[in-house]
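Bear in mind that the values in this text are calculations on the coordinates, not laboratory data. Note that the coordinates shown come from a computational prediction; the quantities given were computed from them, not determined experimentally. Counting neighbours? That spans all protein chains shown, and the Cβs are built from the backbone with ideal geometry, glycine included.
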Amino acid sequence: MTSDRPGPPPGCPAHASRTPLYGPAFTADASSVYAELRRHGAIAPVEIAPGTPAMLVIGYHTALEVLRDPATFPRDPRRWQERVPADCPVLPMMGYRPNALFTDGAAHARVRGATTDALARIELNDLRSYVEDTADMLIDRFGASGKADLISEYARILPLMVFNLLFGCPPDLGDRLVEGMSGIFELVEPEKANELLTRTLFELVALKRARPGPDMTSWLMEHPAELTDEEMVHQLVTLQGGGTEPEMNLIGNGVRLLLSDDRFASDLSGGSLPIEDAIDEILWTDPPIANYATSYPRSDLNVAGARLPEGEPVVISFTGANTDPSLSFERTGNRAHLAWGAGPHACPAQMQARLIASVAIEKLLDRLPDMRLAVPADQLTWRPGFFHRGLTALPVEFEPLPAQATAAEEPRDPAPPPPAPRPAETSRPSRGRSQRRRSTLMGWWRGQ
Ligand code: HEM
């Protein structure tokens, strides 16, 4: 292994002190913590929960080498799990599940294959329409008020609604999935949240076994990999959690950047929307998944000047690696960031994820062209938890939309069954289909 920067020799007392990646200081100012950790070199000793040590990879090249070497850095956490208390708050995110994230080799190829094949069946034009319709509906809801919290009223809800459509998930199950997923990321009663999430996903799997449809859940089930119910549930956790939570953060962090940075302000008022530039910048500086991709060395290792103990979590800091000051290449116009991971576990849904975020942001700027932050950018706060990087709230103001453009005008009749992606379709949907979908979304929102 090569080293980004020389770290202290193995056994150095500097490695004895462990920096916590939890608590108010980390939440308030994570970037100072990453900066401070660099005194250790490319890998730093941290605590990911009280009494739970880990090694955090903050050097870009070292992160890449670890991610690309599953033989040396296997993903199965089960030996480590036996050594931590059952109520350790990071277990719901890091504990073993028989899905792509926690497996290697042939077992990984089998579940990942089912996922990539199912993802390939999503028609991108349909996905775009889902996002546009959902965005319009949400903007209609708050438009007439002239103000909104874009996290709770938009960025949090939009990916969930889109995912419920993609996965053929009925509204009542959707609500419970949201609750469970939020809890495990924010480490708020994570065990209870995990239990709710798992129970709800088993219900979804049972529903789709009985009544399959043209949706991701059914496509995963009918794949030749023949996933069991348990594997289905754990794969759905990765897809839903790995999808909706970071989407919320990418939308929120992207809008924050566009509204707070003078470099974008002139383009916004001039009508050209540099959304893709803002998304690229966020993926470098504030990646929605900040620290994850954990592996567990089978024996003690010396890597980049650090000693990695057998079985202790090696966590990749996507934020730390992306902001590594020793990187010599230009970041602007360069997509070599690690926000999607790298190696065999790299995010298989990059194209879909990017499309959801850029269409969601585009719609906001298109419908609310004079939108501005309602508080100074430096007063915005971050949600607790080191796995993700997302705002607690994003209050904005804008010229109120005319009342007739709001959701009050939407049809109040009961919604038809949720539409689903159509694999064979390539054209944009007709107005009729789009209208029908909007009614469905309204129905979903009203709990019909
Ligand atoms: C902004 C949005 C997203 C970001 C930043 C993101 C980021 C990532 C990262 C960093 C990984 C690698 C994790 C690791 O190495 O352990 C990953 C894996 C994964 N992502 Fe995404 N993701 C996003 C959206 C999505 C969406 C929308 C889906 C599904 C529809 C998805 C499905 C997955 C799956 C299944 C894996 C595991 C792949 C494997 O282990 O082989 N992600 N994602």
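A simple charge model with +1 on the Cβ of Lys and Arg, -1 on the Cβ of Asp and Glu and nothing else charged puts the dipole of the stretch 13-446 at about 600 debye relative to its Cα centre. Packing here is the average count of other Cβ atoms within 10 Å per residue, and on that basis the peptides 243-255, 387-399, 198-210, 156-168, highest first, run 243-255, 156-168, 387-399, 198-210. Taken along the Cα-to-beta-carbon direction at a fixed 7 Å, the label points for A106 and S31 span 4.8 nm.
Dipole of the stretch 13-446 computed with +1 at Lys/Arg Cβ and -1 at Asp/Glu Cβ about the Cα centre; of I122, V396, I58, farthest Cα towards the positive end is I122.
Within the stretch 307-362, the GluC sites (Glu not before Pro) that combine a DSSP coil assignment with at most 14 other C-beta atoms in a 10 angstrom radius are E310, E330. Would you mind pulling out the separation of the Cα centroids of the stretch 140-184 and the stretch 344-384, in Å? Taking the Cα centre of each part, the stretch 140-184 and the stretch 344-384 sit 14 Å apart. Within the straight-line cut-off of under 18 Å between alpha carbons, the lysines reachable from K363 are K147, sequence neighbours fewer than 8 places apart in one chain being disregarded. At full extension, E179 and A120 could sit 18.4 nm farther apart than now, given 0.36 nm per residue minus the alpha carbon distance. When only DSSP loop residues count, what GluC sites (Glu not before Pro) in the stretch 14-113 have their Cβ near at most 13 other Cβ atoms within 10 Å? Those satisfying the criteria are E82.
Here r is the Cβ-Cβ distance between A346 and E310 and R0 is 30 Å; the resulting FRET efficiency, rounded to 0.05, is 0.70. Here's the list of aspartates and glutamates a cross-link from K208 could span, going by alpha-carbon distance under 19 Å and ignoring same-chain residues fewer than 8 apart: D117, D172, D175, E222, E226, D229, E230, E231.
Which of the peptides 303-309, 130-136, 218-224 is most tightly packed, and how do the rest follow, judged by the mean count of other Cβ atoms within 10 Å per residue? Before the final figure, lay out the partial values.
Numbers: 303-309: 22.1, 130-136: 24.0, 218-224: 18.0.
Final packing ranking: 130-136, 303-309, 218-224.
Across the stretch 277-289, coupling constants 3J(HN,Hα) worked out from phi with the 6.51/-1.76/1.60 Karplus curve, θ = phi - 60°, read 5, 5, 5, 4, 5, 4, 5, 7, 8, 10, x, x, 9 Hz, and Gly and Pro carry x. Since only M161, S317, T103 are under comparison, the one whose Cα sits farthest along the positive direction of the charge dipole of the stretch 13-446, derived from C-beta charges on Lys, Arg, Asp and Glu, is T103.
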